[in-house]
Amino acid sequence: MARAKRQIEKRAAARDARSGDRVVATNRRARREYQFLETFEAGIVLQGSEVKSLRDGKAQLNEAYARIDAGEAWLFQLHIPPWQFAQGFGAHDPDRRRKLLLHRSQIDELLGRTTQQALTLVPLSLYFRDGKAKVQLALARGRKLHDKRHAIAARDAEREAARASREASRW
């Protein structure tokens, strides 16, 4: 009886671990190149072989960007390589544009802000939440070279301050 309880608890723990967010890909370069103003979560329309490939952890967000066209949100240049077992009809184009699922009010807000201000939509991460593929989008402003240098200097100063406070608290 105790063995059965242990197995049930083990399965429940594994199920809970799977149900959490599982990050597939992140756009580390975007954090350096852009200043983020606001973030949004969007669903993404995928084919079956794309989902299988994402579950294997294969995707590249480096050059990806989002745009609002004809009242719909689209994600461009997201590279999802074909699933190794999908051939012929089941295979997909790795660099096709993919539709993003957002509320109408969010699409209208993003369209207005990107056209009136010099802002872009940048995907930050691609992950699974409750078994559904999601993309975290940021409304961002591009950084100039001197802004990048300033951000790096500020981050280094914060690290030095944190290091000094740890050293002071140790003694």
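Please work out if ALA30 is in a helix (DSSP H, G or I) and either charged (D, E, K, R) or more than 16 Å from the chain's Cα centre (by Cα) (or both). Write out each step before concluding.
Working: in a helix (DSSP H, G or I): yes; either charged (D, E, K, R) or more than 16 Å from the chain's Cα centre (by Cα) (or both): no.
So ALA30 does not fit the description; no.
Restricting attention to the range 155-171, which residues are within 17 Å of GLU33 (Cβ to Cβ) and at pLDDT 90 or above?
Taking the range 155-171 and keeping what is within 17 Å of GLU33 (Cβ to Cβ), we get 155.
If the condition is that a residue be within 17 Å of GLU33 (Cβ to Cβ) and at pLDDT 90 or above, then no residue fits.
Applying the selection to the range 97-110, what residues are among the basic types (Lys, Arg) and either touching a strand residue (DSSP E or B) at 6+ places or on another chain (Cβ under 8 Å) or surrounded by 14 or more Cβ atoms within 10 Å (Cβ to Cβ) (or both)? I'd like the intermediate steps shown before the answer.
Quick first cut of the range 97-110, residues among the basic types (Lys, Arg) only: 97-99, 104.
Of everything in the range 97-110, those that are among the basic types (Lys, Arg) and either touching a strand residue (DSSP E or B) at 6+ places or on another chain (Cβ under 8 Å) or surrounded by 14 or more Cβ atoms within 10 Å (Cβ to Cβ) (or both) turn out to be ARG97, ARG98, LYS99.
Within the range 43-71, how many residues turn out to be part of a strand (DSSP E or B), crowded, with 16+ Cβ neighbours inside 10 Å and under 16 Å from the mean Cα position of the chain (by Cα)?
Just the residues of the range 43-71 that are part of a strand (DSSP E or B), to begin with: 43-44, 60, 65-69.
Pick out the ones that are also crowded, with 16+ Cβ neighbours inside 10 Å and you get 44, 60, 65-68.
Checking the rest, the ones that are also under 16 Å from the mean Cα position of the chain (by Cα) come to 44, 60, 65-67.
Residues in the range 43-71 being part of a strand (DSSP E or B), crowded, with 16+ Cβ neighbours inside 10 Å and under 16 Å from the mean Cα position of the chain (by Cα): 5 in total.
Can we say ARG96 is outside any strand (DSSP E or B) and at pLDDT 85 or above? Before you say what the answer is, go through the steps one by one.
On the way: outside any strand (DSSP E or B): yes; at pLDDT 85 or above: yes.
It is true that ARG96 is outside any strand (DSSP E or B) and at pLDDT 85 or above.
If you go through the range 36-70, how many residues are in contact (Cβ under 8 Å) with a residue 40 or more places away in the chain and either aliphatic (A, V, I, L, M) or under 24 Å from SER105 (Cβ atoms) (or both)?
Narrowing the range 36-70 to residues in contact (Cβ under 8 Å) with a residue 40 or more places away in the chain: 36-51, 54-55, 59, 61, 64-68.
Next, from what is left, pick out any that are either aliphatic (A, V, I, L, M) or under 24 Å from SER105 (Cβ atoms) (or both): 36-46, 51, 54, 59, 61, 64-68.
Count: 20.
On the basis of being within 30 Å of GLY48 (Cβ to Cβ) and exposed (fewer than 14 other Cβ atoms within 10 Å of the Cβ), does GLY131 make the cut? Spell out the reasoning first.
Working: within 30 Å of GLY48 (Cβ to Cβ): yes; exposed (fewer than 14 other Cβ atoms within 10 Å of the Cβ): yes.
Spelling it out, GLY131 is indeed within 30 Å of GLY48 (Cβ to Cβ) and exposed (fewer than 14 other Cβ atoms within 10 Å of the Cβ).
Could you please let me know if LEU124 is over 20 Å from LYS52 (Cβ atoms), in contact (Cβ under 8 Å) with a residue 24 or more places away in the chain, in a strand (DSSP E or B) and touching a Pro at 6+ places or on another chain (Cβ under 7 Å)?
Details: over 20 Å from LYS52 (Cβ atoms): yes; in contact (Cβ under 8 Å) with a residue 24 or more places away in the chain: yes; in a strand (DSSP E or B): yes; touching a Pro at 6+ places or on another chain (Cβ under 7 Å): no.
Spelling it out, it is not the case that LEU124 is over 20 Å from LYS52 (Cβ atoms), in contact (Cβ under 8 Å) with a residue 24 or more places away in the chain, in a strand (DSSP E or B) and touching a Pro at 6+ places or on another chain (Cβ under 7 Å).
The values are calculated or read from the model by the stated rules, or taken from the named source; none is laboratory data. All of these numbers come straight from a predicted model, not from anything done at the bench. With ideal geometry, Cβ positions are generated from the backbone for all residues, glycine too; neighbour counts draw on all protein chains shown.
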